[in-house]
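The values are calculated or read from the model by the stated rules, or taken from the named source; none is laboratory data. Predicted model, so just to flag it, every value in this text is computed and none were measured. Here the Cβ is made from the backbone with ideal geometry for all residues, glycine too, and neighbour counts use every protein chain on show. Side chains included, ligands, DNA and RNA excluded: accessible areas come from the protein's heavy atoms. Shrake-Rupley method; radii C 1.70, N 1.55, O 1.52, S 1.80 Å.
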Amino acid sequence: MSALAFGRAGHEVIVLERDPLPPTADAEEAFVAERRGAPQVHQTHGFLARLQVLLRDRFPDVLDELLAVGGSTLPMTRNLGPAQPGDEDLRVIIVRRTTLEWVLRTAALAQPHVEVRTDQVVTGLLAGPPAADGTPVVRGVRLQDGAEVEADLVVACTGRRGDLPGWLGELGVAVPETIHESGLMYLTRWYRTPDVEVPLDAKLGGDLGFVKFLGIPGDGGTLSVTLAVRTADGALRNALSVAERFDQACEALPGPDIFFRAGPLEPIGGVRPMTGLLNRLRRFTDEDGRPAVLGFHAVGDCHTTTNPLYGRGCSLAAVQAVLLADAAAAHPGDAAGRANEYEAACRREVEPWFEASVQMDRMGADPLGRGLGGDADNPMGKAFGALFAAAATDPILGRALARLMNLLTLPGDLMADPAVLARASEVMADPDAYPLPTTEGPSREELLEALAAEPAA
């Protein structure tokens, strides 16, 4: 996305990719290519409406190509009454992450001044003469083989595992971090099933407290199911790591079971784990708002990481790529001005979602609000849960919640909307009129027994 945004603005761009990516002629070849540097590409991804809007408005040809190769969009307003202005924004993208990356890479390479060099491992940054005020300046990168690549601007897209603090530390630049662990891990398996049709109003995800689950159709006749469990729950984690037991669990959970009702599915590979799910915010300016480094910026998870449970990462990374390209266009030749504008934009448009993710984790990531008080009998939890129950069909609350969950409305802006506040007050004043849906599904002990595993003490 960064290469695409800068390339279309007329810049010369070199992408240094650590993985030895083979040429991919279609979406299926992209799917089977293993990414050592990005194992998350084979996890379940829900691409939020914010990404659909960004592609539609800034890169419409890319969105068209994504749909042409098998992707689709799914409306979020189908149960919210007659269509209203703005509903065209509330559509999520249904596609495999690998297909999205293949389409984006193809679009970037189509730009006359964009070059992708694969199997190129960056090990550090090159320091240039400092600015007049002493601020460190980056003039390029150093590769594993000792080669150097100079650039006017270095954009780090190394993900959450990259050693960004170490690179900048060699230049004397400290990067303060705020980290909140989620305490969760993922387990995902892919299947091929060209014959399964999922109703648009099907509920494919849920939360039973001890396990969170989500099933999503993909392009090319594929689907994936992800189960999230506590990292400390060794018994359940070990059981679900076995392919056959994972399938058994999917058949027992209300949501993923829809995929398995039509008959056996064809698994595509085994169970893929993903650990280290966290929220992390990094600061690239000092307390006075001055850039800590010039000629260098971070985009995506190496800048701000949100718990991937909420599906925000890809959308926020795309937003940052465009914000950075826009800041460069607004401040040609002014590294400090570019840095100030970009980081201010990130504080305004990205950081609130970090805070929201931390708060949702503290609530137990339960969209029905049970985590606020531990159960639905808690008055605060009951009132909060009533809002979500009402939002399933209420035109005002439903659209407000959909825009919030899809990054189209900031939390602060939502709370300032008089129509939303008025309707929320009505619902919270009579929460009994909006009862929480009954929690369905097996208990942890029942699921472990069904998987032929010994329940933990």
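Looking at this structure, is ASP233 closer than 20 Å to SER182 by Cβ and either of a type outside the set (A, V, I, L, M, F, W, C) or at pLDDT 90 or above (or both)? It is true that ASP233 is closer than 20 Å to SER182 by Cβ and either of a type outside the set (A, V, I, L, M, F, W, C) or at pLDDT 90 or above (or both). For the range 82-104, a residue qualifies if it is surrounded by fewer than 22 Cβ atoms within 10 Å (Cβ to Cβ) and touching a Ser or Thr at 6+ places or on another chain (Cβ under 8 Å), and the qualifying residues are ALA83, GLN84, ASP87, ARG91, ILE94. Taking the range 73-104, which residues are in a strand (DSSP E or B) and under 18 Å from the mean Cα position of the chain (by Cα)? Passing the criteria: THR73, LEU74, ARG91, VAL92, ILE93, ILE94. Among the residues of the range 426-435, those identified as out of contact with any Leu (no Cβ under 8 Å at 6 or more places or on another chain) and open to solvent by 70 Å² or more (accessible area, probe 1.4 Å) are GLU426, ALA429, ASP430, ASP432, PRO435. Listed by position, the helices (runs of 4 or more DSSP H) enclosed by the range 354-425 that each have at least 2 residues that are at pLDDT below 90 and farther than 30 Å from LEU54 by Cβ are 379-391.
Taking the numbered list (1) more than 28 Å from PRO273 (Cα to Cα); (2) in contact with a strand residue (DSSP E or B) (Cβ under 7 Å, 6 or more places away or on another chain) in turn, VAL92 passes all entries but (1).
In the range 142-159 there is at least one residue that is in contact with a strand residue (DSSP E or B) (Cβ under 7 Å, 6 or more places away or on another chain) and within 30 Å of GLU28 (Cα to Cα). The numbered conditions (1) in contact with a helix residue (DSSP H, G or I) (Cβ under 9 Å, 6 or more places away or on another chain); (2) in a strand (DSSP E or B) are all true for GLN52 except (2). Taken as a whole, the condition of being loosely packed, with under 14 Cβ neighbours inside 10 Å and assigned to a helix (DSSP H, G or I) applies to ASP57.
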